[in-house]
Amino acid sequence: MIRYKTYSNVLNTLTCIGELHKQIQATSTGDIWDIDLEKNTKFPLYHINPTNVEVSLSQQTFNFQIFVMDIVEPDNSNEQEVLSETLQITTDIIALLKHGELLHTASLTHGEEARYYVEDDFTCEPFTERFDNTLTGWVVDVPVIIESVLDSCDIPINQSVTCVK
């Protein structure tokens with residue numbers, strides 16, 4: 001593992017969490033409107049929607065919306081069960097980001113530790129029939145914080161030219 005993470009590292013880690021969770025049947029990333037619900041027949045679905053990145057002198061905060069959703073019967077008879085199960089999966093994901101052993105390796109040397117941080121409190125928002133095929137579940141905003149050095153010394157640029165005109 002590397003000390004300073006990239007967008008790819010963070011997104012691959014979030015994707016891996018979904019792929020390893022035994023209740024999640026499909027994992028996807030990208031804009032929420034890009035989900036191909038017509039072809040995606042495996043549910044529950046875990047979807048990672050990147051929203052923005054905040055950059056400061058010592059860290060970057062990658063903000064994601066995490067969706068966990070499943071299909072509700074046409075008569076809504078299983079809506080409460082779907083909300084209950086998808087909320088449990090959502091809190092599992094939060095727990096893994098906070099305390100998950102799968103983000104750590106016992107033999108790492110100093111400086112190579114997994115360096116993902118998340119806030120302590122999250123608000124999970126339910127949705128019902130949000131998409132065309134009566135999907136129900138939860139969405140939660142997850143800010144993943146990584147260490148980062150905002151350093152102009154390592155930028156691949158011709159420093160023999162001055163840009164002040």
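The values are calculated or read from the model by the stated rules, or taken from the named source; none is laboratory data. In this text, all values refer to a predicted model and were calculated from it rather than measured experimentally. Cβ atoms come from the backbone with ideal geometry, glycine included; neighbour counts cover every protein chain shown.
Name the pairs: first residue in the range 73-98 and farther than 15 Å from L135 by Cβ, second residue assigned to a helix (DSSP H, G or I), Cβ to Cβ under 7 Å, at least 6 apart or on different chains?
Once the first residue is farther than 15 Å from L135 by Cβ and sits in the range 73-98, its partners that are assigned to a helix (DSSP H, G or I) give I93/I17; L96/I17; L96/L102.
Would you pick out the residues in the range 116-154 that are at pLDDT below 70 and either under 17 Å from the mean Cα position of the chain (by Cα) or surrounded by fewer than 10 Cβ atoms within 10 Å (Cβ to Cβ) (or both)?
Once the filter is applied, which keeps residues that are at pLDDT below 70 and either under 17 Å from the mean Cα position of the chain (by Cα) or surrounded by fewer than 10 Cβ atoms within 10 Å (Cβ to Cβ) (or both), the range 116-154 yields only D132.
I'd like the full set of residues that are of a type outside the set (K, R) and more than 18 Å from F64 (Cα to Cα), limited to the range 119-147.
T128, E129, F131, D132, N133, T134, L135, T136 - these are the residues of the range 119-147 that are of a type outside the set (K, R) and more than 18 Å from F64 (Cα to Cα).
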